[in-house]
Amino acid sequence: MDLYYLIYTSVPVRPMNEPELQDLLRVAREANSRFDVTGLLISLPESFIQLIEGPRANIEQLYLNIMADKRHYGVTTLREGLIDKRFFPDWAMAFKSHDTRQCYQKALSLHDDKVLQLFDIIETS
Ligand SMILES: Cc1cc2nc3c(=O)[nH]c(=O)nc-3n(C[C@H](O)[C@H](O)[C@H](O)COP(=O)(O)O)c2cc1C
């Protein structure tokens, strides 16, 4: 089985409130468990950053669904590729909501080779 990961960023059509986020996460976690998908979603006031990982065909299908989702736009792939092991094996979809100025600035100045560093920062903060 090809284990694949993909990190993208997107812009919410409007900042999501807590019930909307919880609803999104509930549906995503249920589906991800069924399709052997794990990952991390970061919600900032003006952007999402998400890592999804799992069997390649499942990730490609999920990404098509995500790109078509009307709750956000400007879906841009930051990094993708084959992996030997998962970054977040225990999480059907881990979630971080960071709106501190510091973290926000880090996300905005994100470059491709900095993406994984961002996940390190978020995980240890
Ligand atoms: C920022 C964002 C992240 C999402 N992450 C996931 C996810 O990890 N897993 C998932 O199944 N759906 C996720 N969704 C929802 C999908 O876009 C889509 O609604 C879901 O796959 C259901 O698609 P369907 O109604 O065509 O079956 C996400 C949506 C958004 C806006």
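The numbers here are math on the coordinates, done by the rules we state, and not lab data. Computed from a predicted structure; not experimentally measured. Cβ atoms come from the backbone with ideal geometry, glycine included; neighbour counts cover every protein chain shown.
Odds and ends about this structure:
- Computed from label points 7 Å out along Cα-Cβ, the spacing between residue 21 and residue 82 is 3.6 nm.
- Charged-residue dipole, Cβ positions (Lys, Arg, Asp, Glu), region 6-88 about Cα centre, Debye nearest 20: 60
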